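Laboratory data are not the source of any read-out in this text; all were calculated from the coordinates shown. Note that the structure is predicted; figures quoted are calculated from it, not measured. When we count neighbours, we look across all protein chains shown, and the Cβ atoms used for this are built from the backbone with ideal geometry, even at glycine.
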Amino acid sequence: MLRHIVLVTFKPTACAEAREAWREAVTGLCETSPEVLSHTLGMNVGSGPNHHDAALVADFADIASFRRYVDGDMHRAYVADHARHVVDRIAAIQHEH
């Protein structure tokens, strides 16, 4: 099993509607991708200089299924249509569990 964790910081110019559209896009991507076995998406309720705005945790069967997901058309469309417009930076890690 492979766990993919992404921490997202939004662009300062990303309005509430854009952030919500991003959240809906991530949820839709995870719910329709056959490679994603389970996922959790949450928005930060804290504050601090090192905090991010959102976190995604998604589970995959293995590294090969994760790579199919990242390289797939649905993920590429998500990046082009949503992420590039609202995401300033990410931190990501994949680990076996």
Just need a number here: residues in region 1-57 that are among the polar types (S, T, N, Q) and under 19 Å from M74 (Cα atoms).
5
Got a number for residues in region 9-60 being within 28 Å of H97 (Cα to Cα), hydrophobic (A, V, I, L, M, F, W, C) and touching a helix residue (DSSP H, G or I) at 6+ places or on another chain (Cβ under 8 Å)?
11
Any hit, region 30-43, residues being surrounded by 14 or more Cβ atoms within 10 Å (Cβ to Cβ), touching a strand residue (DSSP E or B) at 6+ places or on another chain (Cβ under 7 Å) and in a strand (DSSP E or B):
yes
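Per-residue answers, yes or no, for (1) touching a residue at least 40 places away in the same chain (Cβ under 8 Å); (2) in contact with a Ser or Thr (Cβ under 8 Å, 6 or more places away or on another chain); (3) surrounded by 11 or more Cβ atoms within 10 Å (Cβ to Cβ):
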position	(1), (2), (3)
G48	no, no, no
D53	yes, yes, yes
F66	yes, no, yes
M74	yes, yes, yes
Y78	yes, no, yes
V87	yes, yes, yes
I90	yes, yes, yes
E96	yes, no, no
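Looking at region 11-25, which of its residues are more than 22 Å from V36 (Cβ to Cβ) and either touching a residue at least 12 places away in the same chain (Cβ under 8 Å) or not hydrophobic (A, V, I, L, M, F, W, C) (or both)? Before the answer, list the steps.
Taking region 11-25 as the starting set, the residues that turn out to be more than 22 Å from V36 (Cβ to Cβ) are 11-18.
Listed by number, the residues that qualify are K11, P12, T13, A14, E17, A18.
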